[in-house]
Each structure stands twice: as C-alpha cells, then as structure tokens.
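Below you'll find the structure, written out as structure tokens, and then a few comments.
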Amino acid sequence: MRVGKLSIGDDKPAAAGFDICPPKQAGSVVLKPPLLLKNREKRQSSNSRSNVVVSLRPGMVFLKGYLSLSDQEMIVKRCRELGVGSGGFYQPGYGEDTKMHLKMMCLGKNWDPQSGQYGDRRPFDGAKPPQIPPEFHSHVHSALKDSNALLPSISPDICIVNFYSQTGRLGLHQDKDESPDSLRLGLPVISFSIGDSADFLYADHRDLDQPKKLLLQSGDVLIFGGPSRNLFHGVASIHPNTAPNLLLQHTNLRPGRLNLTFRRY
C-alpha cells in the first residue's frame with residue numbers, strides 16, 4: 001500500500017534523521033593508525049585536486065583521489081549536520097515490505113522511490129529537503145572543469161546522498177527520473193565517494209551477465225553524461241575497513257560508504 005502524501009499545510013513532525021557520525025562513547029578507546037600509514041594518508045591527501053583522470057568510455061570520466069582529506073571531512077560533517085535534522089537520512093523503500101539496503105537523504109528536491117518522481121516535500125512526513133550547500137556546488141563545478149570531458153556544465157539542483165553500511169548494496173538501475181530536457185541533453189551525473197571502498201558496476205543493459213566493475217575509493221569522483229547518461233549502474237559490495245584512518249578519526253564516520261550524486265532536474 002502506498003503511503004499517502006501530506007499537503008503543504010500538514011504539521012506532522014518530520015522523522016528524526018539517521019546519524020552517520022554518532023558521538024564517541026565515554027571511555028571508548030580509539031586505536032591510532034601506525035605513523036607510516038598516517039603520514040602516507042597525509043601525503044596522498046595534501047593536494048586538493050588529483051591529476052589522475054581516466055576516460056572509461058565516451059561521456060564517462062573517473063577522477064581518482066580527486067577530493068582531498070580536508071574536502072572529504074567537510075562533506076562528511078555537512079552531511080551529518082543535515083542528516084540528523086528535518087528532511088535528513090531515512091531508510092527508503094519501494095513499498096512497505098521492500099526496503100533499500102541503504103540510508104538516503106535528498107538535497108534540493110526530494111526523490112520518491114515509490115513513484116519515481118521528484119517533489120518539494122517527502123511524502124511520508126512532509127519534510128522539505130535541505131538545500132545543497134554552496135561548498136558542494138564548488139566541488140561539482142571544479143570536478144566538471146578538471147574532467148576535460150566534452151559534457152555540458154551544470155549547476156545541480158538535486159543531490160541524492162546515500163549511506164551504505166558494510167553490507168549495503170544497490171542493484172543495477174538507470175537515473176532516468178530527471179526532466180525530459182535533462183535526459184535529452186545528456187546532462188551529467190557527478191558522484192562523490194567517501195569512506196569505505198565499493199565495487200561499482202555499470203553496463204549498457206540491465207540483463208548483461210558480466211557488467212564492468214570499478215573500485216571506487218574514498219575521495220574518488222565519477223562523472224557520466226552525454227552518451228553514457230543512461231548507463232545501468234549499481235553498487236555490488238562494500239569493502240569493510242578501507243576508509244582512510246584520518247577521516248574516521250576526524251569525523252567518527254560510521255563503517256560504510258557515503259555517496260553523493262549531483263544532477264540537474
């Protein structure tokens with residue numbers, strides 16, 4: 001049974017959000033990483049922009065290690081602040097008995113998995129999605145510029161933030177609920193990966209036996225648009241205990257992967 005939509009005038013309180021960075025418990029012991037690993041992570045994240053840009057196929061570009069450690073920490077902290085408030089993280093589903101294997105928060109516009117439509121408020125609690133932080137816009141614009149891809153530039157008005165636990169996954173699907181003009185023009189989707197690594201799958205058809213696999217690690221950015229805009233893609237698995245130790249120390253991010261996908265409606 002579909003959940004009925006709330007009108008703008010409903011005063012039902014929004015559901016409490018899921019905390020991706022729960023407070024550390026008193027007396028808990030945090031094991032510090034070896035100094036060699038700590039220094040290596042600092043060196044790897046010292047540059048704010050990666051020089052490793054890989055064209056995977058027409059319209060699909062991979063920016064390896066693009067987001068610096070400080071960029072990642074900022075994104076995690078902002079997502080945590082927004083995620084515990086009104087319109088924050090919740091567990092979505094395609095019906096009452098079919099829950100997705102992740103937590104989700106929408107910024108800018110709400111996407112409803114049951115209807116496949118965007119709206120100004122969430123159907124189940126009437127909450128209005130938070131706005132996309134200006135810092136996020138800046139990183140999106142920089143990534144598009146540095147990708148050197150022949151893709152239209154966008155100012156995103158949608159960001160879907162997913163948090164996958166270490167058992168999280170997402171089946172092959174297309175991002176096809178944006179406006180007809182957005183899809184016709186091949187406006188790109190820009191994906192940020194933070195936390196544990198993930199096996200990302202992509203293919204031209206859902207029923208392909210062997211989709212291609214790409215390991216996405218913390219700080220990676222993936223862009224697909226133009227002729228690759230309608231790719232089927234998904235997350236096969238999360239690799240536990242692969243997040244940067246310094247990121248975990250500075251944010252207390254839960255075990256799992258934080259993924260932000262930006263698009264233009």
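Taking the criterion of being touching a residue at least 40 places away in the same chain (Cβ under 8 Å), among the charged types (D, E, K, R) and in a loop (DSSP other than H, G, I, E, B), would at least one residue in the range 144-155 satisfy it? Checked against the condition, which is being touching a residue at least 40 places away in the same chain (Cβ under 8 Å), among the charged types (D, E, K, R) and in a loop (DSSP other than H, G, I, E, B), the range 144-155 yields no hits at all.
Which of the residues that make up the range 101-121 are in a loop (DSSP other than H, G, I, E, B) and either open to solvent by 20 Å² or more (accessible area, probe 1.4 Å) or more than 21 Å from Arg257 (Cβ to Cβ) (or both)?
So the first thing to find is which residues in the range 101-121 are in a loop (DSSP other than H, G, I, E, B), and the list is 101-102, 108-109, 113-116, 120-121.
Hits for the range 101-121 are His101, Gly108, Lys109, Gln114, Ser115, Gly116, Asp120, Arg121.
Residue pairs, Cβ under 8 Å, 6 or more apart or interchain, first in the range 96-108 and within 11 Å of Lys128 (Cα to Cα), second surrounded by fewer than 15 Cβ atoms within 10 Å (Cβ to Cβ) and not aromatic (Phe, Trp, Tyr). List them. From residues that are within 11 Å of Lys128 (Cα to Cα), the pairs are Leu107/Gln131; Gly108/Gln131. Of all residues in the range 58-90, those satisfying the criterion of being open to solvent by less than 30 Å² (accessible area, probe 1.4 Å), outside any loop (DSSP other than H, G, I, E, B) and within 30 Å of Phe124 (Cα to Cα) are Ile75, Val76, Cys79, Gly83. Looking at Gly186, Gly195, just one residue is modelled with pLDDT of 95 or more, more than 26 Å from Gly93 (Cβ to Cβ) and open to solvent by less than 50 Å² (accessible area, probe 1.4 Å), and that residue is Gly186. Here the range 138-183 is the region considered, the condition is being of a type in the set (Ser, Thr, Tyr), modelled with pLDDT of 95 or more and more than 26 Å from Asp71 (Cβ to Cβ), and the residue that is surrounded by the most Cβ atoms within 10 Å (Cβ to Cβ) is Ser182. Looking at the range 138-150, can you tell me whether even one residue there is touching a Phe, Trp or Tyr at 6+ places or on another chain (Cβ under 9 Å) and β-branched (Val, Ile, Thr)? Yes, the range 138-150 contains a residue that is touching a Phe, Trp or Tyr at 6+ places or on another chain (Cβ under 9 Å) and β-branched (Val, Ile, Thr). Among the residues of this structure, Pro134 does not count as one that is open to solvent by 10 Å² or more (accessible area, probe 1.4 Å), modelled with pLDDT under 95 and more than 16 Å from the chain's Cα centre (by Cα).
Against the definition (closer than 19 Å to Asp175 by Cα and out of contact with any helix residue (DSSP H, G or I) (no Cβ under 7 Å at 6 or more places or on another chain)), how does Phe163 come out, yes or no?
yes
Scanning the range 207-265 for residues that are touching a strand residue (DSSP E or B) at 6+ places or on another chain (Cβ under 7 Å), loosely packed, with under 15 Cβ neighbours inside 10 Å and within 25 Å of Ser153 (Cα to Cα) turns up nothing. Against the definition (within 22 Å of Gly93 (Cβ to Cβ) and of a type in the set (S, T, N, Q)), how does Ser237 come out, yes or no? The answer is yes for Ser237.
The values are calculated or read from the model by the stated rules, or taken from the named source; none is laboratory data. Computed from a predicted structure; not experimentally measured. No Cβ is skipped: glycine too gets one built from the backbone with ideal geometry, and neighbour counts run over all protein chains shown. Just the protein is used for accessible areas: all its heavy atoms, side chains included, with ligands, DNA and RNA removed. Shrake-Rupley method; radii C 1.70, N 1.55, O 1.52, S 1.80 Å.
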